Amino acid sequence: MFYVYLIESLADGEQRYMGLTADLKRRLTEHNTGKSAHTSKYMPWKLATYIAFSSQSKAQAFEYYLKSGSGHAFARKRLW
């Protein structure tokens with residue numbers, strides 16, 4: 001399975017991050033231990049939403065969409 005996930009900072013509720021992984025538990029641990037340069041500044045993080053896909057290409061397409069303008073609007077309205 002491949003997961004598109006949305007996390008938000010517990011330290012700063014305005015900080016959010018979207019990503020893609022095949023190991024959701026490991027990836028969240030990496031965010032919360034400072035192994036990701038993009039998120040280490042705003043630790044700790046909590047998982048807000050995740051969506052599972054059986055295909056990596058579908059997961060990548062959905063992540064790409066969420067990071068677009070209309071995807072951000074969709075995520076704000078439906079996923080956060």
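Computed values, structure above
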{"item": "Unique match (being on the phi > 0 side of the Ramachandran plot and at pLDDT 95 or above) among 19, 34", "result": "34"}
{"item": "Flag if residue 71 is without any contact (Cβ under 8 Å) to a residue 12 or more places away in the chain and either closer than 12 Å to residue 9 by Cα or surrounded by 14 or more Cβ atoms within 10 Å (Cβ to Cβ) (or both)", "result": "yes"}
{"item": "Condition check for residue 3: touching a residue at least 40 places away in the same chain (Cβ under 8 Å), of a type in the set (Ser, Thr, Tyr) and surrounded by 11 or more Cβ atoms within 10 Å (Cβ to Cβ)", "result": "yes"}
{"item": "Residue ID - nearest to the chain's Cα centre (by Cα), chosen from residues in region 30-47 that are surrounded by 13 or more Cβ atoms within 10 Å (Cβ to Cβ) and farther than 12 Å from residue 15 by Cα", "result": "47"}
{"item": "Scan of region 6-29 for residues that are more than 12 Å from the chain's Cα centre (by Cα) and surrounded by 13 or more Cβ atoms within 10 Å (Cβ to Cβ), ordered by number", "result": "10"}
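The values are calculated or read from the model by the stated rules, or taken from the named source; none is laboratory data. Fair warning: this is a prediction, and the values are worked out from it, not measured in the lab. Positions of Cβ are generated from backbone atoms using ideal geometry, with glycine treated the same way; all protein chains shown enter the neighbour counts.
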